[in-house]
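Scroll down for the structure; my scribbles are underneath it.
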Amino acid sequence: MKGQAAVEYMIIIGIAIAILTPLFVIIDSYTYESKQDLRTKALEDGLDSIAESANMVYFQGYPARISVTVYIPQGVILTNVTGDFIRVRLESKNGYNDVISVTDAPVNGTLPTSSGTYKVTVSATEDGWVNVSY
């Protein structure tokens with residue numbers, strides 16, 4: 001009798017594990033996608049605020065300067081501030097995701113690739129460009 005009860009308990013536990021394992025995989029997938037969406041949205045908001053500041057100081061002209069606090073999420077591989085756009089490449093499960101913000105002003109400069117909160121300075125230059133630095 002004791003052996004039969006033990007086998008029955010093992011069968012019940014095996015069935016429970018077989019049911020719960022796919023559930024945990026699905027939950028993990030949704031959690032990862034949500035985190036990725038939050039990282040992308042936070043980065044889009046930050047780049048948009050830099051682009052708006054760049055437009056503002058460009059139209060105000062030299063020596064206009066604005067400081068913007070920007071959150072850079074984990075997984076940033078590349079940043080590019082050149083011409084009339086600001087681009088940041090995020091690493092994702094399916095490869096790479098480029099987040100781009102377009103400006104009316106000609107911009108150049110650098111943004112960090114390490115995650116964290118940074119104070120970014122956006123300033124108009126005498127030669128008509130907008131410099132972005134941290």
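Data for the structure
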| quantity | calculated |
| --- | --- |
| Hits in region 89-111 - residues which are in contact with a Leu (Cβ under 6 Å, 6 or more places away or on another chain) and among the β-branched types (Val, Ile, Thr) | 99 |
| Per-region count, region 111-134, residues touching a Gly at 6+ places or on another chain (Cβ under 7 Å), without any contact (Cβ under 8 Å) to a residue 60 or more places away in the chain and of a type in the set (Gly, Ala, Ser) | 1 |
| Boolean, residue 77 is within 16 Å of the chain's Cα centre (by Cα), at pLDDT 95 or above, of a type in the set (A, V, I, L, M, F, W, C) and within 18 Å of residue 42 (Cα to Cα) | no |
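The values are calculated or read from the model by the stated rules, or taken from the named source; none is laboratory data. The model shown is predicted, which means the values in this text are computed figures rather than measured ones. Note: ideal-geometry Cβ built from the backbone for every residue, glycine included; neighbour counts use all protein chains shown.
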